[in-house]
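Take a look at the structure below.
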Amino acid sequence: MWNFKRLEAWQRTRRLIVDIYQLTSLFPKSEQFGMTTQMRRAANSIGANIAEGWAREGGKDRARFLETSIASGHELEHHLILVSDVGLADPDRTVELIGELEQIRKMTTALRLRSLNGPRNQRIWPNLKSDV
């Protein structure tokens, strides 16, 4: 049985979501319904769309969810740049998070391309890891 929790992209996203929650917990209360909510939703969307896409049988359908995950990653990167610019977050920390986000997007892009180009099997799915 194929399980999204075995995907390295999802595992790394899970850790990134925790990092985003920790970062946004330091924001002022005035951002509770602004940037905090936007960043948490974008981060959660990355992981949720990887999981939902992985459950889809058709390659194009799966690829569509993975594409949404990638787009949410771009949205989160925008927010990270902005919170650094306005002084809500440490610039060095946001650079670290953007670096991790870039790696996740690369993995998700590879999954998307493989979804469009062939069946799921161990030889073409190198970023699978053991169950979480």
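The values are calculated or read from the model by the stated rules, or taken from the named source; none is laboratory data. The model shown is predicted, which means the values in this text are computed figures rather than measured ones. Don't worry about glycine lacking a Cβ; one is built from the backbone with ideal geometry, like all the others, and counts go over all protein chains shown. Please note that ligands, DNA and RNA were not included when accessible areas were found on the heavy atoms of the full protein model with its side chains. Shrake-Rupley method; radii C 1.70, N 1.55, O 1.52, S 1.80 Å.
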Self-check item: All positions within region 84-93 that are without any contact (Cβ under 8 Å) to a residue 60 or more places away in the chain and surrounded by 15 or more Cβ atoms within 10 Å (Cβ to Cβ)
Solution: Ser84
Self-check item: Residues that are open to solvent by 50 Å² or more (accessible area, probe 1.4 Å) and aliphatic (A, V, I, L, M), drawn from region 12-34
Solution: Val18, Leu26
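Quick one: in region 39-71, of everything that is within 14 Å of Leu97 (Cβ to Cβ) and open to solvent by less than 20 Å² (accessible area, probe 1.4 Å), which residue is nearest to the chain's Cα centre (by Cα)?
First pass over region 39-71, keeping only residues within 14 Å of Leu97 (Cβ to Cβ): 39-40, 42-43, 46.
When the remaining residues are screened for being open to solvent by less than 20 Å² (accessible area, probe 1.4 Å), the result is 39, 42-43, 46.
Working: Met39: 11, Ala42: 8, Ala43: 6, Ile46: 4 Å.
This residue is Ile46.
Can you tell me which residue within region 95-106, out of those that are free of Cβ contacts under 8 Å to residues at least 60 places away in the same chain and open to solvent by less than 70 Å² (accessible area, probe 1.4 Å), is nearest to the chain's Cα centre (by Cα)?
From region 95-106, those free of Cβ contacts under 8 Å to residues at least 60 places away in the same chain are 95-96, 98-99, 102, 105-106; that's our starting set.
Then keep just the ones that are open to solvent by less than 70 Å² (accessible area, probe 1.4 Å); that gives 98-99, 105.
On the way: Ile98: 11, Gly99: 12, Arg105: 7 Å.
Among residues in region 95-106 that are free of Cβ contacts under 8 Å to residues at least 60 places away in the same chain and open to solvent by less than 70 Å² (accessible area, probe 1.4 Å), the one nearest to the chain's Cα centre (by Cα) is Arg105.
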